[in-house]
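Below is one structure. I have some questions about it.
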Amino acid sequence: MTTSHRTASRHAAKTTILFSALGIALIASVLISAGTGQLGIPPQEVLGSLLHRIGIDWLPMPSHPAGDQTLWAIRFPRVAMAALVGAGLAVSGLLMQAIFGNPLAEPGVIGISSGAAVGAGLAIVFGLTIFGEWTTAVFAFIFGLGATLVVYGMSRAEGKTEVVTLVLTGVAVNAMGGAGIALLTFLGDTQSREQIVFWQLGSLAGSRWSQVLIIAPIIAVGLIAAYIAARKLDLLSLGERNARHLGVNVELLRIVMIFVVALLVGAAVAFAGIIAFVGLVIPHLMRMLLGPAHLPLVTASALGGALLLTLADLAARTLVPMADMPIGMLTALVGGPFFFWLLRRTRKRSGGWG
């Protein structure tokens, strides 16, 4: 066996082990999260309830009379929403880093989340129903896309995306988004203000199956698009000029991926509010473990994002007794220090910003 074959087989084994570990950890976190709350339900009873719905009666059902109803009406929709939103945010962060060509790109950092929240806030405050029940999500998508296009356009110079300009433009867009949210909070009534506060803090409280059924196909479409584009993103990582020589339409690829990111983040923000740093932390960690190939990174990022947000939501419900903490605050507590470390690491590798 040649050295290249041995290296490939080792990488394949590492990828399989990572996928298996993430999958098992995600399943365990789902069972534990769904069973945790004022009404505690053991993991085997949670799994028994799930299996019972598909006709398998291997494990015991919840012993409490209200246990099964609690799981299916409250717990499972929330856990499913956490996994879907986490996967969508992580994959969107991976795509942002790929199309901008640097590890600092993330939907929250460059303003797409705050832009999407402003769009959703407009729909809430002015009671817009142009697109029926999809109005909030559509407005979040449009404004999130607009924020992304502004940052993308202003961070390019001489055919390259500048890291510093990207971050600084993102700061400016976030500031404008914050001002827009503040104005909408001022203009809205009490109910609208409460909903806007929800957008700013991020929360999965009150998640329903109807919301899961809306967001699930959107996340699925985004993941499929990411898988299809993975090979071209690998070529893009070699540099724009090399990618063009190899037949990649770089600008078209970037525009399509920007739409995919706006779709993923717009859907997530529409139902969960602003949850920062998931799209920064997870893709970077997975890239450190797996290397630069995007096909396995899409799967790993989706699993890692789902796991992180499921655990974050569990922490949000349990850290403070009888209270539901903002999940966006918890992810920022994790992501903030990681972002500082990543900035220092990037600066050292590039020999300074100058």
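None of the figures in this text is laboratory data; all of them are computed from the coordinates on show. Because the structure is a prediction, the values reported are computed rather than measured. Cβ sites come from the backbone with ideal geometry, for glycine too, and all protein chains shown count toward neighbours.
Would you compute the Debye intensity of the range 217-289 from its alpha-carbon atoms alone, equal scatterers and no solvent, and pass along log10 I(q)/I(0) at q = 0.24 Å⁻¹ to two decimals?
Cα-only, vacuum Debye calculation for the range 217-289: -1.17.
Another one. For a quick check: sort 72, 341 by the number of other beta carbons within 10 angstrom, fewest at the front.
Lowest to highest Cβ neighbour count: 341, 72.
Here is a follow-up. Using 19 Å as the cut-off for backbone N distance, which residues of the range 95-116 belong to the label zone defined by a point 7 Å from the Cα of residue 251 along Cα→Cβ?
99-101, by backbone N distance to the label point.
Still on this structure, please answer the following. Identify which of 315, 157, 140 has the largest mean-square fluctuation in a Gaussian network model of the chain, with springs joining Cα atoms closer than 10 Å.
Comparing 315, 157, 140 in a Gaussian network model of the chain, the most mobile one is 157.
Moving on to the next point. Based on Cβ point charges of +1 for Lys and Arg and -1 for Asp and Glu, what charge dipole magnitude is obtained for the chain about its Cα centre, in debye rounded to the nearest 20?
The dipole of the chain has a size of about 1260 debye.
Given the options 124, 327, 27, which has the most mean-square fluctuation in a GNM of the chain, springs set between C-alpha atoms less than 10 angstrom apart?
27
Helices from the chain with mean Kyte-Doolittle at least 1.0 and a Cα length along the axis of 30 Å or more, per DSSP H: which?
Qualifying helices: 76-100, 163-187, 209-236, 250-272, 294-318.
Tell me what the chain gives for mean residue ellipticity at 222 nm when only DSSP H runs of n ≥ 4 count, each as -39,500 (n - 2.57), the sum divided by the residue total, rounded to 500 deg cm²/dmol.
My calculation for the chain gives -25500 deg cm²/dmol from helical runs alone.
Can I ask one more? Please identify, among 205, 66, 270, the residue showing maximal mean-square fluctuation in a Gaussian network model of the chain using a 10 angstrom Cα cutoff.
66
I want to check the label-to-label distance for residue 343 and residue 237. Put each point 7 Å from Cα in the C-beta direction and report it in nm to one decimal.
Result for the modelled spin labels: 2.6 nm.
Counting alpha carbon pairs within less than 8 Å and at least 6 residues apart, what relative contact order, in whole percent, applies to the chain?
Dividing the mean separation by the residue count of the chain yields 27 percent.
Can you tally the net charge around residue 212? Count Lys and Arg as +1, Asp and Glu as -1, for every other residue whose Cβ sits under 13 Å from the Cβ of residue 212.
+3
So, one more: Sticking with the crude label model, points 7 Å out along Cα→Cβ, report the distance from residue 214 to residue 38 in nm, one decimal please.
So the two model labels end up 2.7 nm from each other.
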